[in-house]
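Novice: So that we are looking at the same thing, I have put the structure below in C-alpha cells.
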Amino acid sequence: MQHSISTSKTRQRVTAVLASLAVAVGVGIAAGPAAHGADNPHERGPDPTESSIEALRGSYAVSERSVSRWVSGFGGGTIYYPTTTSDGDFGAVVISPGYTGTESTVAWLGPRLASQGFVVLTMATNSIYDQPDSRARQLQAALDYLTASSPVADRIDADRLALMGHSMGGGGTLRAVDDNPDIKAAIPMTPWHPQKDWSSVSTPTLIFAAENDSVARHETHAEPFYESFEQDLPKAYLELDGASHFAPNTSNTTIAKYSISWLKRFVDDDTRYTPFLCPGPSTGWLSDVEKYESSCPF
C-alpha cells in the first residue's frame, strides 16, 4: 500500500505500536532466516538484530586499500572490504561526498558498511565543486573501476551494485541510477538536484532528509524527489528529527541502520532485513526520526 508524506501522527503512532508488537513476537526476524537462507546464495553474515545493525561494526573484519586520484573518471578514494575470502563474493557500494565536501565527509560509512558484508568505495570527486550530473558520471566510473580493475574486483559480484551520496552526491546518485537501471539500490542523503521529477527511476531508493536542512530543504528537494517516484517502486523516505543538511557527514546510527537494511534487502535480496524497513522506525517523541514513509510491502 502506498503511503503519502502527509500521513497523520495518529497513523504513525499506530504503525509504531504494530512494529513493536511484531518485534516482540519475533515476526520475520527470528522465524524467517532458516527457510530463506537455503534459497538465497547472497545472504552474508548472521541473522540481524536491532543491536547488530546499530553497532559501529558488524561481523566481518575489514581491510582497506587506497585508490589513487589519478585513476580514470573520478578523484580516487578508499576501498573498504571484508578481509575473509571464505564467504564468496560481495555486493559493492560507491559513496560520493557533496558540494565542497571531501572523501573524509563520508569516510565513516566505509568500514561500517563493509563490516556488514559489502565492498565499499568512499570516493573523492575530480573537483569539490562538481555538479550532480558530473558526480553521477564519476559514481559510475568508480563502479566500473571497482568491478573491472581494482585490486578487489575478484571479491565483487558485478551484478549486485549500489550507490550512495550526500547533497550534490545524492543528486548525482539519482542521476546515475536513472541512467543505469541495473544498479540494485540507491541511497541519496539530504540530496540536492535542480531536477524534481525522477519518475523514470526504477532502482529501489531510500532517501534521507533532514528536518532543519537549510541547504537542500526537504520541502523542495527530498520530498518532491520521493513523491515523483512511481507508486510501485520500492522506495522509502526517512526524515531525521532536528537534523541539518550535514547530518550524513558524521557517524549517525539512524543513517547506518537503515542504509544497512536497504542495501541488504535490495543488493543481497536478503529479506531477513525487511522487518526493519516495513513498517519502519517509529516517529515522534523520543525518536530520531521525524517522518518515515514507504511503499511497503517489498
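The values are calculated or read from the model by the stated rules, or taken from the named source; none is laboratory data. What you see is a predicted model; the values in this text were computed from it and never measured. Here Cβ is always computed from backbone atoms with ideal geometry, including for glycine, and neighbour counts include all displayed protein chains.
Novice: Test Gly45 against the criterion of being part of a loop (DSSP other than H, G, I, E, B) and touching a Lys or Arg at 6+ places or on another chain (Cβ under 8 Å), and give yes or no.
Specialist: No, not satisfied.
Novice: On the given criteria, is Ala141 of a type outside the set (Val, Ile, Thr) and farther than 19 Å from Thr250 by Cβ?
Specialist: Here the answer is yes, as Ala141 does meet what is asked.
Novice: Is it the case that Ser72 is in contact (Cβ under 8 Å) with a residue 60 or more places away in the chain, more than 24 Å from Tyr60 (Cβ to Cβ) and polar (S, T, N, Q)?
Specialist: Yes: the conditions hold for Ser72.
Novice: In addition: Considering the stretch 60-70 alone, what residues qualify as being touching a Phe, Trp or Tyr at 6+ places or on another chain (Cβ under 6 Å) and over 14 Å from Phe90 (Cβ atoms)?
Specialist: Passing the criteria: only Glu64.
Novice: Can you tell me which residue within the stretch 126-160, out of those that are crowded, with 24+ Cβ neighbours inside 10 Å and touching a helix residue (DSSP H, G or I) at 6+ places or on another chain (Cβ under 6 Å), is nearest to Asp269 (Cα to Cα)?
Specialist: Once the filter is applied, the top-ranked residue is Leu139.
Novice: Considering (1) more than 16 Å from Asp241 (Cβ to Cβ); (2) without any contact (Cβ under 8 Å) to a residue 24 or more places away in the chain; (3) crowded, with 16+ Cβ neighbours inside 10 Å; (4) not hydroxyl-bearing (Ser, Thr, Tyr), say which one Pro181 fails and leave the rest.
Specialist: The number of the failed condition is (3).
Novice: Check the stretch 146-164 and report whether any residue there is at pLDDT 95 or above, in contact with a His (Cβ under 8 Å, 6 or more places away or on another chain) and more than 25 Å from Val215 (Cα to Cα). Before the answer, list the steps.
Specialist: Start the filter on the stretch 146-164 by keeping residues that are at pLDDT 95 or above, which leaves 146-164.
If we keep only those that are in contact with a His (Cβ under 8 Å, 6 or more places away or on another chain) too, we end up with 157, 160.
Going one step further and asking which of them are more than 25 Å from Val215 (Cα to Cα), we end up with 157, 160.
Yes - at least one qualifying residue is present in the stretch 146-164.
Novice: Tell me the residue from Ala107, Ala30, Ala19 that is surrounded by 14 or more Cβ atoms within 10 Å (Cβ to Cβ), within 30 Å of Glu219 (Cβ to Cβ), modelled with pLDDT under 95 and not polar (S, T, N, Q), please.
Specialist: From the options Ala107, Ala30, Ala19, the qualifying one is Ala19.
Novice: Report yes if Thr122 is over 16 Å from the mean Cα position of the chain (by Cα) and not aromatic (Phe, Trp, Tyr), otherwise no.
Specialist: It is false that Thr122 is over 16 Å from the mean Cα position of the chain (by Cα) and not aromatic (Phe, Trp, Tyr).
Novice: How many residues are in contact with a Gly (Cβ under 9 Å, 6 or more places away or on another chain) and either at pLDDT below 95 or of a type in the set (Gly, Ala, Ser) (or both) if we restrict to the stretch 45-69?
Specialist: Residues flagged as in contact with a Gly (Cβ under 9 Å, 6 or more places away or on another chain) and either at pLDDT below 95 or of a type in the set (Gly, Ala, Ser) (or both) within the stretch 45-69 amount to 6.
Novice: Can you run down the residue pairs with Cβ atoms below 7 Å, 6 or more apart or on separate chains, where the first is in the stretch 286-298 and at pLDDT 95 or above and the partner is of a type in the set (Lys, Arg)?
Specialist: From the stretch 286-298, the pairs are Ser294/Lys235; Ser295/Lys235.
Novice: Something else now. Any idea which residue in the stretch 110-125 is surrounded by the most Cβ atoms within 10 Å (Cβ to Cβ), counting only those that are closer than 14 Å to Gly172 by Cα and among the aliphatic types (A, V, I, L, M)?
Specialist: First pass over the stretch 110-125, keeping only residues closer than 14 Å to Gly172 by Cα: 123-125.
Checking the rest, the ones that are also among the aliphatic types (A, V, I, L, M) come to 123-124.
Working: Met123: 31, Ala124: 22.
Only one residue tops the list, namely Met123.
Novice: If you don't mind, another one. For the stretch 177-186, indicate whether the set of residues that are under 15 Å from Pro97 (Cα atoms) and either at pLDDT 95 or above or not hydrophobic (A, V, I, L, M, F, W, C) (or both) is non-empty.
Specialist: Scanning the stretch 177-186 turns up at least one residue that is under 15 Å from Pro97 (Cα atoms) and either at pLDDT 95 or above or not hydrophobic (A, V, I, L, M, F, W, C) (or both).
Novice: On to the next question. Go through the stretch 77-113 and give me each residue that's farther than 13 Å from Arg44 by Cβ, of a type in the set (Gly, Ala, Ser) and over 16 Å from the mean Cα position of the chain (by Cα).
Specialist: Those that are farther than 13 Å from Arg44 by Cβ, of a type in the set (Gly, Ala, Ser) and over 16 Å from the mean Cα position of the chain (by Cα): Gly77, Gly101, Ser104.
Novice: If you don't mind, another one. Among the residues of the stretch 48-92 satisfying the criterion of being hydroxyl-bearing (Ser, Thr, Tyr) and not in a loop (DSSP other than H, G, I, E, B), which is surrounded by the fewest Cβ atoms within 10 Å (Cβ to Cβ)?
Specialist: So the residue we want is Ser51.
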